[in-house]
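Any read-out appearing in this document is the output of simple, stated calculations on the displayed coordinates, not a laboratory observation. Small disclaimer: the values here were computed from a predicted structure and weren't measured. Every residue, glycine among them, receives a Cβ derived from its backbone with ideal geometry; neighbour counts consider all protein chains shown.
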Amino acid sequence: MAPQARIGLIVTAIGFFAGIWLFLAPFIVEYQKVGQDWVDATKNDLWTGGALIAISALTLILFSAFALRDAARAAEQEGAAELEES
Amino acid sequence: MAKYVIGATGALLGALAGVWLMLAPFALAYQGSGANWADPTYVDFWTGLPLLVVSAAGLILYVSGLVEELRHRGIMRRPYTAPAGQPQAPGPPQGNASASENNMEQILLPLVTAMLKDMQERDRERDGARGGTVADVRQTPNAGEEGSVRR
């Protein structure tokens, strides 16, 4: 895997954790009291955080899946080349 | 290749989420303009700004990975590289019109010289052929073979 892709994956993971932080922030920073109606800021943070978690998770899963597929193809091609040589 | 496109799309959406987080307190009006920032505004802004920066960096990285992959497959060429086997002619840098004109002259000079040489050789051959026919014409009456067929 290219070094850019590795750092890109780390960046995506940071986005995932930022989503978790946004999801929990209203209750950690206590601008949303437990048991009360959600204020606008809470709704915004929960929706944005949830979307960010979903986007980052989907990106991580799909990126890993395609990277594994590419690696498998490369291994198959190498094996075929070795067989032809021998 | 698809993995880089997916990564870049994810990073772009992350950057857009960061922009939205920075604007949301004002767009949704839970932060009054001119008033001191409330806790939700601090949280959203200082989460949105790093998210925007990090996602933009990720986007650049994924796109550079994609470009590298395309170059590796031969779909894209590296910019400002001469094709293999074609050495560049020495001369002044091709920045202005006179420099490129000089370069063109240098390229055309051997061609024009070869053409001139060829033309001169043809002229010489033609002159030689003419000299030969004139000598033949002059030789006929001296031979004293008038009226006979010459083989």
By a straight-distance test (C-alpha under 20 Å), which aspartates and glutamates pair with residue A:33 as possible cross-link partners, with residues fewer than eight away in the same chain excluded? A:45, B:39, B:44
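If you count, for each residue, the other Cβ atoms within 10 Å and average over each peptide, how do A:33-46, A:6-19, B:116-129 line up from highest to lowest?
Working: A:33-46: 14.8, A:6-19: 20.2, B:116-129: 9.9.
Per-residue Cβ counts within 10 Å, averaged per peptide and sorted highest first, yield A:6-19, A:33-46, B:116-129.
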Considering only C-alpha atoms, what is the centroid distance from region B:18-82 to region B:106-121, in Å? 61
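Which whole number gives the average count of other chain Cβ atoms within 10 Å of the Cβ atoms across peptide B:68-77?
For peptide B:68-77, the averaged partner shielding equals 1.
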Summarise the partner chain shielding of A:20-30 as one whole number: the mean count of Cβ atoms from other chains within 10 Å of each residue's Cβ. 2
Ignore the peptide's own chain and count Cβ atoms of other chains within 10 Å of each Cβ in A:6-17; give me the average, rounded. 6
